[in-house]
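The values are calculated or read from the model by the stated rules, or taken from the named source; none is laboratory data. Just so we're clear, the structure is a prediction, and the values are computed from it rather than from any experiment. Quick reminder, even Gly has a Cβ in these numbers, built from the backbone with ideal geometry, and neighbours come from all protein chains shown.
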Amino acid sequence: MKVKNLKWGPSGPRSLPQGHKSWLAYWIKNYGGAATICTNKNCDNKATVGGHVMPPDGKRSSNWFIIPLCDECNASNNRQEFDVERRHLVGISNQLS
């Protein structure tokens with residue numbers, strides 16, 4: 001599935017849910033697995049953050065997700081679309097505002 005980074009700062013578009021130290025910790029808890037490698041299919045760097053992504057047509061969508069990314073793939077200047085496996089997407093609830 002193609003996704004792109006949301007245009008936000010390092011903390012993301014929404015406040016971190018209570019009880020989580022980071023967005024990566026949020027992903028680990030909700031995905032139920034370890035985050036070791038960046039989920040961008042064209043990258044094999046270590047996953048260091050929970051990146052906020054959306055489908056390329058996301059301007060009209062509230063479908064936002066957290067995925068493990070490396071710092072390079074999560075960089076604010078990275079506006080390229082990239083491929084991830086759909087199973088790695090953890091949705092951000094509309095109630096997290």
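Output the qualifying pairs, or none if there are none: Cβ atoms under 8 angstrom, residues six or more apart or on different chains, first residue in the stretch 26-55 and in a loop (DSSP other than H, G, I, E, B), second residue surrounded by 15 or more Cβ atoms within 10 Å (Cβ to Cβ) and among the β-branched types (Val, Ile, Thr).
These pairs meet every condition: 34/28; 35/28; 39/67; 39/84; 40/84; 41/84; 47/39; 55/3.
For every residue, the table says whether it meets (1) surrounded by 12 or more Cβ atoms within 10 Å (Cβ to Cβ); (2) closer than 10 Å to residue 68 by Cα; (3) at pLDDT below 95.
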{"position": "6", "(1), (2), (3)": "yes, no, yes"}
{"position": "16", "(1), (2), (3)": "yes, no, yes"}
{"position": "23", "(1), (2), (3)": "yes, yes, yes"}
{"position": "34", "(1), (2), (3)": "no, yes, yes"}
{"position": "42", "(1), (2), (3)": "no, no, no"}
{"position": "50", "(1), (2), (3)": "yes, yes, yes"}
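Surrounded by fewer than 19 Cβ atoms within 10 Å (Cβ to Cβ) and either at pLDDT 90 or above or part of a strand (DSSP E or B) (or both): does that describe residue 87?
Yes; evaluated as a whole, the condition is true for this residue.
Within the stretch 52-65, work out how many residues are closer than 15 Å to residue 86 by Cα and surrounded by fewer than 17 Cβ atoms within 10 Å (Cβ to Cβ). Walk me through how you get there before you give the answer.
Of the residues in the stretch 52-65, the ones closer than 15 Å to residue 86 by Cα are 52-56, 63-65.
Of the ones still in play, those that are also surrounded by fewer than 17 Cβ atoms within 10 Å (Cβ to Cβ) are 56, 63.
Of the residues in the stretch 52-65, 2 are closer than 15 Å to residue 86 by Cα and surrounded by fewer than 17 Cβ atoms within 10 Å (Cβ to Cβ).
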